[in-house]
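These notes are about the structure you will find just below.
The values are calculated or read from the model by the stated rules, or taken from the named source; none is laboratory data. The shown structure was predicted, so the numbers you read here are calculated from the model rather than taken from an experiment. Cβ: placed from backbone, ideal geometry, glycine included. Neighbour counts: every protein chain shown.
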Amino acid sequence: MSSPPTSELRAVADALRERDRFLLVAHENPDGDALGSILALKLGLDALGKDSVMFLGGDTGIPQDYELLSLEALRRELPPDAAERVLVALDCASALRMGLDPALLERVPLSLDVDHHHDNTHFAGINLVVPDASSTGEIVRDLLRELKIPLTPQIAEALYVALVTDTGRFQYTNTTPDSHRMAADLMELGVDVHGVFRQLFENVPFIKIQLLARVLERVERYDDGRLTISFISRSDYEEFGADESLSEGIVDHIRAIEGTTVAALVREQLKSEREGIRKVSLRTADDAVDVSVIARQENGGGHRQAAGFSTEQSSEELVAWLRAEIAAQVEAPAH
Ligand SMILES: [Mn+2]
C-alpha cells in the first residue's frame, strides 16, 4: 500500500524511534498474525538497537504450526521492569486480550495499540487502528517502512506468516489487491512461500486430526444449518493428550459445511481458573451476520466474520441464545 502515512502511524513510528525500552505484547491464545507481528516488530527494533521484550499472556501454548518462527525469546512472564517500558499491544482489540493486569497500562510511560480489529476499544495512549488492513502484520510492515528499517528475509517471513494466516491463505474477504502486492514484495525479499505453506498447513499433528474427527462427529445443526455448532470437552483433550492450542482452526471446518451461516465451536478449558467457563469461537462466511456483535454481548470481540467470547451458559442455553441472536440479525439486517 502506498497511501501516505496517517498521523497515528507517524506518532507510533516517532515513539518507536525516540524511546529506548519496549514491552511488546501479542494477544493471548495467539494466531499467526499475533505471532508474526510481534516477531517482525521485535526484529525491526533490534535493527534500531532498541531494548525490547516480547510477552505472551494467558497459559495457552504456542501452536506447533508456528515453529518456523524464531520465538525462543518470547516470555510468558513479565520482566521485572515491565512498568518502565513503552507497552506496544499488537493485534489486541481490547486491553483484556493482552492477558495481563490492565493496571499496567496506567503505569507504563506510554502505551501503543497497533491493530486492525474494527471494534478496537482504543485503550492505549496512541491507537494505530487500521480496520482496512488485512492483518496487523500489514500495519507493522508500514511502520517498519516509515522507520526505514530494511526487511530482512527473517522479518519478511514473519510478516508473511501474519498475512497468509489472517487472510485465510488469501481467501477471506479482507484479501485485497494490496494483500497480494504485499505477498509479492515479501516473496521478492526471499520468503519461501511453499516452505511456509508446508510448515504451517501440511505439518498437522495427528492428535489434532483425532480431535477434529471428534468435533466433526459431534456437529449439531439448527435452523437448516444456519447455526452449525460443535463442542470440545476437557476429557477430549485429556484422551488425546492434546493441548488447547490444537483446537485452533477447527472451527473453520465447521464453517465450511454447506448452508452454514454461523459456525460455533465451544471449548472447555484444560486448565481453567473458574469451573464452567467455556470459550466460544464464532465464524461466518455470510454478510448477513456480524458475529462480533454477538460476541460483544458476552464481553468478547473480534471481526465481523470471526469473533469469540467466554461464557458460563449451559449448552442448551447457549444454543437457544445463539439461534435467537442469529435470527435477530438475519431478520433485521440493519446492523
Ligand atoms: Mn489479526
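One table, with the values for the structure above:
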{"read-out": "Residue match in the range 99-107 (condition: farther than 15 Å from Leu24 by Cβ and surrounded by 24 or more Cβ atoms within 10 Å (Cβ to Cβ))", "value": "no"}
{"read-out": "Residue among Leu90, Leu74, Leu78 that is modelled with pLDDT of 95 or more and either in contact with a Ser or Thr (Cβ under 9 Å, 6 or more places away or on another chain) or within 16 Å of the ligand (Cβ to nearest atom) (or both)", "value": "Leu90"}
{"read-out": "Residue pairs meeting the criteria (Cβ under 7 Å; at least 6 apart or on separate chains; first touching a residue at least 40 places away in the same chain (Cβ under 8 Å), in the range 46-57; second in a loop (DSSP other than H, G, I, E, B) and exposed (fewer than 15 other Cβ atoms within 10 Å of the Cβ))", "value": "Leu56/Arg76"}
{"read-out": "The range 111-139, residues that are among the aliphatic types (A, V, I, L, M), surrounded by fewer than 23 Cβ atoms within 10 Å (Cβ to Cβ) and more than 24 Å from Ala295 (Cα to Cα)", "value": "Ile126"}
{"read-out": "Residue within the range 258-277 that is touching a His at 6+ places or on another chain (Cβ under 8 Å) and at pLDDT below 95 present", "value": "no"}
{"read-out": "Residue in the range 12-20 that is surrounded by 24 or more Cβ atoms within 10 Å (Cβ to Cβ), outside any loop (DSSP other than H, G, I, E, B) and within 16 Å of the ligand (Cβ to nearest atom) present", "value": "no"}
{"read-out": "Single match in Val161, Val193, Val219, Val215 (criterion: modelled with pLDDT of 95 or more, touching a Gly at 6+ places or on another chain (Cβ under 7 Å) and of a type outside the set (S, T, N, Q))", "value": "Val161"}
{"read-out": "Failed item in (1) closer than 20 Å to Pro30 by Cβ; (2) buried (at least 19 other Cβ atoms within 10 Å of the Cβ), with Asp142 passing the rest", "value": "(1)"}
{"read-out": "Identity of the residue in the range 280-293, without any contact (Cβ under 8 Å) to a residue 40 or more places away in the chain and more than 17 Å from Asn174 (Cβ to Cβ), that ends up surrounded by the fewest Cβ atoms within 10 Å (Cβ to Cβ)", "value": "Val280"}
{"read-out": "Residue that is surrounded by the fewest Cβ atoms within 10 Å (Cβ to Cβ) [pool: residues in the range 199-252 that are among the hydrophobic types (A, V, I, L, M, F, W, C) and in contact with a Phe, Trp or Tyr (Cβ under 6 Å, 6 or more places away or on another chain)]", "value": "Ile207"}
{"read-out": "Considering residues of the range 310-335 that are at pLDDT below 95 and part of a helix (DSSP H, G or I) only, the residue farthest from Arg283 (Cα to Cα)", "value": "Glu331"}
{"read-out": "Filter result for Phe22 (among the aromatic types (Phe, Trp, Tyr) and more than 19 Å from Ile149 (Cβ to Cβ))", "value": "no"}
{"read-out": "Enumeration of residues in the range 252-279 that are more than 19 Å from the chain's Cα centre (by Cα) and farther than 24 Å from Thr173 by Cα", "value": "Glu268, Leu270, Lys271, Ser272, Glu273, Arg274, Glu275, Gly276, Ile277"}
{"read-out": "Of all residues in the range 29-59 being assigned to a loop (DSSP other than H, G, I, E, B) and surrounded by fewer than 21 Cβ atoms within 10 Å (Cβ to Cβ), the one that is nearest to the ligand (Cβ to nearest atom)", "value": "Gly58"}
{"read-out": "Subset of the range 137-159 [within 20 Å of the chain's Cα centre (by Cα) and closer than 10 Å to Val191 by Cα]", "value": "Ile155, Ala156, Glu157, Ala158, Leu159"}
{"read-out": "Residue that is buried (at least 24 other Cβ atoms within 10 Å of the Cβ) and touching a strand residue (DSSP E or B) at 6+ places or on another chain (Cβ under 9 Å), where the choices are Ala82, Ala95, Ala26, Ala73", "value": "Ala26"}
{"read-out": "Neighbours by Cβ (under 9 Å, 6+ apart or cross-chain): first from the range 240-267, closer than 17 Å to Arg323 by Cα; second basic (Lys, Arg) and in a helix (DSSP H, G or I)", "value": "Val262/Arg255; Ala263/Arg255"}
